[in-house]
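Scroll down for the structure; my scribbles are underneath it.
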């Protein structure tokens, strides 16, 4: 599904290199987790993959469903089925959530050659997804993320994932700022959305999330590189001894 | 962009076509009423200013306006209409007005029933229809005494104490157009809410300009509102200004001036006693080719809260002079403004807010779109935090969108904290003259929405952030229709506007 090779990237404005050769392969049906300290490049990797303008790719490749990601505009990547749940979703005052979701939904449908949904059809389409996320329908009439709590913003991101029916979901710290109930709702929704045909890449600091969404692979990122790959056992090792124990393992 | 400035925040000038505060000669305007007997007797003399001499006509004066009329007439004798050499009008050239033949509106002009039917405000406790400056009881509903001893109606019926307040703010802080209003206002609408009383719904004042029947002249209207909220009282005032003529930026208005042009010179004075709360919405949607000058003067007692939300989309030249004084501690002021300048439209907001007492709060959001090369936005927003205003919190943000080359804004948000110890006052202000926010655009694109569609959605909803604060969907819809009509004249948005109108 997604194959990243020797990916290097820098901050566009300052030229500071962040990613220094990342290698990662996600196949259909797999769930991957990336862990690492703050500043290790986890969030940069997710943003670079969806084409965030703050970063510039300086080397390597990323192939998504057989296509070169870096030759595609951000909206084309979304149409192809790639989705990023933002760590801190921005507020868009003046634009209602339902209009935003319908625009996004119809943009994807159009790119797939499907007919666009009118407002009524869209309500019918989105209601079950709201239920799945335990979200109040009044949510739709509010402005995009405006005045949302941290938990509401994260639920709204997953709602967008559900609406877009993306094949590959990158979840950047979807668990931060969530209480246990919200985390359970969000995790439940992600588990329902994933299938043998989809891929999930989670960026997180905490094991807590991984107890709800079980990863097949766990990667440790450090200074812009993936330094270690394993399974849940790696997470337990991390919980026990912190990142320093892994560094030693890596050095050996 | 929002910068935090502790302590002394000097006036900060950002924008286009702004020359720094140079020491150019200021032509000071005299609009203080002259009390000398010699000039007071000159009521009948012709004003020195040629345009005023042509424009000012004898108007019947109800007793409640007698003092104001006398004061204004004496001031107008020596008043000169401002030019761009006046600092206050530096970017606002009113020459087109001064070249216009202005005539008094015919008495009791007919208002199309369809216009009245289109302009409603669900939930309004009182609907006051003011045509060419004159209150028309037969078109209004709910006027007169209200529950709890409140009153909404002609000033004659208001408590004497309120009658005495007429002109007390405008004569000291109003500009030249406030003086003109004082000379020409046929009456005043009073809103009096006694201590502890809350009006059950908004007072909706629909100001209608009938406009001239010929294309080479315009009719004058001088409406006047006087509001008093007693201690702990609550009131909501909604003022909407519309014309009988064609709306601004309508197809065809760009070619030749059409009939239906009007000059509106409006003054509203609002007195908020301690602990009172007043919400004020002001919607300017006058006809194409019209001129609109509005003075809003507010005095706020201790712990009172005043919220004003403004939307200006109509007229050719529109100017709002907003002057607010926090006259007691722990007072809160919220100002939001949305101005849209389409073809040949100049929209100007001059706001003055003075914090004079401890623990006041103030917030101002100004958003302006200039969608045409012949459009122009002007903003001079002064927030003055005086020495006595310890522990105040003031914020100001101006965002300006220039959609086409040569579109102009002259913005001067300025937040002044005079001589205050650094850690006592929190002042933030910011100003952006540019494009849409990159992070907003990217958020749309990451969800598969093309940059083009994202831009359109963000521009169309740019003003919604402000207009939504009125919390009246009917008003919001009318403003949005104006926005769509105006943006349709921008090539890049023509298709989207057509789609949105469906």
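The values are calculated or read from the model by the stated rules, or taken from the named source; none is laboratory data. What you see is a predicted model; the values in this text were computed from it and never measured. Positions of Cβ are generated from backbone atoms using ideal geometry, with glycine treated the same way; all protein chains shown enter the neighbour counts.
I'd like to know if region A:20-36 contains one or more residues that are at pLDDT 95 or above, within 12 Å of chain B (Cβ to nearest Cβ) and out of contact with any helix residue (DSSP H, G or I) (no Cβ under 7 Å at 6 or more places or on another chain). Taking every residue of region A:20-36 in turn, none turns out to be at pLDDT 95 or above, within 12 Å of chain B (Cβ to nearest Cβ) and out of contact with any helix residue (DSSP H, G or I) (no Cβ under 7 Å at 6 or more places or on another chain).
The single residue among B:105, B:113, B:75 that is at negative phi and without any contact (Cβ under 8 Å) to a residue 24 or more places away in the chain turns out to be B:113. For region B:426-455, the set of residues classified as crowded, with 23+ Cβ neighbours inside 10 Å, at pLDDT 85 or above and closer than 21 Å to residue B:368 by Cβ consists of B:454 only.
Restricting attention to region B:456-478, the residues being touching a strand residue (DSSP E or B) at 6+ places or on another chain (Cβ under 6 Å), within 12 Å of chain A (Cβ to nearest Cβ) and closer than 19 Å to residue B:307 by Cα number 6.
Only strands (runs of 3 or more DSSP E) whose full extent lies in region A:1-42 are considered here, and the ones with at least 2 residues that are more than 24 Å from residue A:210 (Cβ to Cβ) and touching a strand residue (DSSP E or B) at 6+ places or on another chain (Cβ under 9 Å) are A:2-11, A:17-26. Considering A:117, A:84, the condition of being within 11 Å of another protein chain (Cβ to nearest Cβ), outside any helix (DSSP H, G or I), farther than 23 Å from residue B:459 by Cβ and modelled with pLDDT of 90 or more is satisfied by A:84 alone.
On the stretch given as region B:137-185, residues that are out of contact with any strand residue (DSSP E or B) (no Cβ under 7 Å at 6 or more places or on another chain) and not in a helix (DSSP H, G or I) total 3.
Among the residues here, residue B:80 does not qualify as in a loop (DSSP other than H, G, I, E, B) and either modelled with pLDDT under 85 or surrounded by fewer than 17 Cβ atoms within 10 Å (Cβ to Cβ) (or both). The residues on offer are B:381, B:295, and the sole one that is modelled with pLDDT under 95, assigned to a strand (DSSP E or B) and touching a strand residue (DSSP E or B) at 6+ places or on another chain (Cβ under 7 Å) is B:381. Screening region A:140-252 for strands (runs of 3 or more DSSP E) wholly inside it with 1 or more residues that are under 23 Å from residue A:75 (Cβ atoms) and in contact (Cβ under 8 Å) with a residue 60 or more places away in the chain returns the ranges A:168-172, A:199-203. Here residue A:77 fulfils each of the conditions (1) surrounded by fewer than 24 Cβ atoms within 10 Å (Cβ to Cβ); (2) in contact with a strand residue (DSSP E or B) (Cβ under 9 Å, 6 or more places away or on another chain); (3) within 11 Å of chain B (Cβ to nearest Cβ) apart from (1).
Every residue, every condition in (1) at pLDDT 95 or above; (2) surrounded by fewer than 24 Cβ atoms within 10 Å (Cβ to Cβ); (3) in contact with a strand residue (DSSP E or B) (Cβ under 8 Å, 6 or more places away or on another chain), yes or no:
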residue	(1), (2), (3)
B:336	yes, yes, yes
B:346	yes, no, yes
B:358	no, yes, no
B:388	no, yes, no
B:407	no, yes, yes
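Here residue A:48 meets the list (1) at pLDDT 95 or above; (2) closer than 28 Å to residue B:466 by Cβ almost entirely, failing just condition (2).
If you go through region A:95-107 one residue at a time, do you hit one that is in contact with a helix residue (DSSP H, G or I) (Cβ under 7 Å, 6 or more places away or on another chain), under 20 Å from residue A:2 (Cα atoms), in contact (Cβ under 8 Å) with a residue 60 or more places away in the chain and within 12 Å of chain B (Cβ to nearest Cβ)? No, region A:95-107 contains no residue that is in contact with a helix residue (DSSP H, G or I) (Cβ under 7 Å, 6 or more places away or on another chain), under 20 Å from residue A:2 (Cα atoms), in contact (Cβ under 8 Å) with a residue 60 or more places away in the chain and within 12 Å of chain B (Cβ to nearest Cβ). Considered as a group, the residues in region A:142-189 that are touching a strand residue (DSSP E or B) at 6+ places or on another chain (Cβ under 7 Å) and more than 14 Å from chain B (Cβ to nearest Cβ) include one that is surrounded by the fewest Cβ atoms within 10 Å (Cβ to Cβ), and that residue is A:173. With respect to residue B:124, is the statement that it is in a loop (DSSP other than H, G, I, E, B) and at pLDDT 95 or above true? Considered against the rule, which asks whether it is in a loop (DSSP other than H, G, I, E, B) and at pLDDT 95 or above, residue B:124 comes out as yes. The test for being over 17 Å from the mean Cα position of the chain (by Cα), closer than 30 Å to residue A:233 by Cα and either surrounded by fewer than 21 Cβ atoms within 10 Å (Cβ to Cβ) or in contact (Cβ under 8 Å) with a residue 24 or more places away in the chain (or both) does not hold for residue A:36.
Just to be sure, is residue A:61 farther than 30 Å from residue B:477 by Cβ, in contact with a strand residue (DSSP E or B) (Cβ under 8 Å, 6 or more places away or on another chain), away from chain B (no Cβ under 14 Å) and loosely packed, with under 14 Cβ neighbours inside 10 Å? Judged against the criteria, residue A:61 is a match. Evaluated against (1) more than 8 Å from every other protein chain (Cβ to nearest Cβ); (2) touching a residue at least 40 places away in the same chain (Cβ under 8 Å); (3) surrounded by fewer than 19 Cβ atoms within 10 Å (Cβ to Cβ), residue A:70 falls short on exactly one condition, (2). Say whether the condition of being modelled with pLDDT of 95 or more, within 30 Å of residue B:330 (Cα to Cα) and crowded, with 24+ Cβ neighbours inside 10 Å is met by at least one residue in region B:242-265. So far as region B:242-265 goes, no, none of its residues is modelled with pLDDT of 95 or more, within 30 Å of residue B:330 (Cα to Cα) and crowded, with 24+ Cβ neighbours inside 10 Å. Among the residues of region A:43-59, those that are at negative phi and part of a loop (DSSP other than H, G, I, E, B) comprise A:52, A:53, A:54. Comparison of B:304, B:281, B:312, B:323 shows that the only residue that is in contact with a helix residue (DSSP H, G or I) (Cβ under 7 Å, 6 or more places away or on another chain), at pLDDT 95 or above and surrounded by 24 or more Cβ atoms within 10 Å (Cβ to Cβ) is B:281.
The lone criterion from (1) out of contact with any strand residue (DSSP E or B) (no Cβ under 6 Å at 6 or more places or on another chain); (2) at pLDDT 95 or above; (3) farther than 25 Å from residue B:243 by Cα left unmet by residue B:228 is number (1).
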